[in-house]
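To start, the structure itself, in structure tokens.
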Amino acid sequence: MSGWRFRDSVGLVARAWLWLAGVTVPLVSLSVVCWWVTASVVADDWSGGVDDGLSAVYWLLLFDAVTAVVALGGAVVSLPFTHALGVLMAGVRSRSLQVVATTVLAGGLGSATGWASGEAWAPQSGPFFAAFVGVTAAGAGALARQGQLRSAARRASSVGRPEAFRP
């Protein structure tokens, strides 16, 4: 098993960004909108009607697009941290531990940047935005690392090395 390279970090961060922009942010934001619509129906008997629903969909799509663009900056900032973690975890054979470590790193970095962005954008939203970004980043990091490990294992088994945990 060779060491962790910067190329591996870039691959992992790129995978995580794709998961974040394409899956975890849309799913979590859709969940928030569904909760908001449900609360509106229960509390206000949905007095806004279809116009409020269409407005919610518009803001959901706009939020997801802006988050994907801003997350590119977060991906660049996370590269040195991801590389350091990869170097530290290069000798660890436990896939679960590698996924958990990546999840914690992604969630922590996401929460910190989410808090800072939330405080700069709307100070009252800092904790909510930090939780939102932390959860979505942690999920994206876990999915990306699991996929990276699975790809490495498939490649290794096709060349006759059954136990390769590094991409």
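Table for the structure above
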read-out: Helix-only mean residue ellipticity at 222 nm for the chain, each DSSP H run of n ≥ 4 adding -39500 (n - 2.57), per residue, nearest 500; value: -29000 deg cm²/dmol
read-out: Accessible surface, 1.4 Å probe, highest first, among residues 117, 29; value: 117, 29
read-out: Residue 159 - accessible surface, heavy atoms, 1.4 Å probe, Å² rounded to 10; value: 110
read-out: Apportionment of accessible area to carbon and sulfur, the chain, percent (1.4 Å); value: 72
read-out: Under the Debye formula (equal points on every Cα, no solvent term), log10 I(q)/I(0) of the stretch 63-167 at q = 0.09, 0.17, 0.19 Å⁻¹; value: -0.28, -0.79, -0.91
read-out: Exposure of residue 135 as accessible area (Å², to 10), given a probe of 1.4 Å and all protein chains; value: 90
read-out: Accessible area per residue, Å², the chain with all protein chains present, probe 1.4 Å; value: 57
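The values are calculated or read from the model by the stated rules, or taken from the named source; none is laboratory data. Since the structure is predicted, the reported quantities are computational estimates derived from the model, not experimental observations. Protein only, heavy atoms only, side chains kept; ligands, DNA and RNA dropped before computing areas. Shrake-Rupley method; radii C 1.70, N 1.55, O 1.52, S 1.80 Å.
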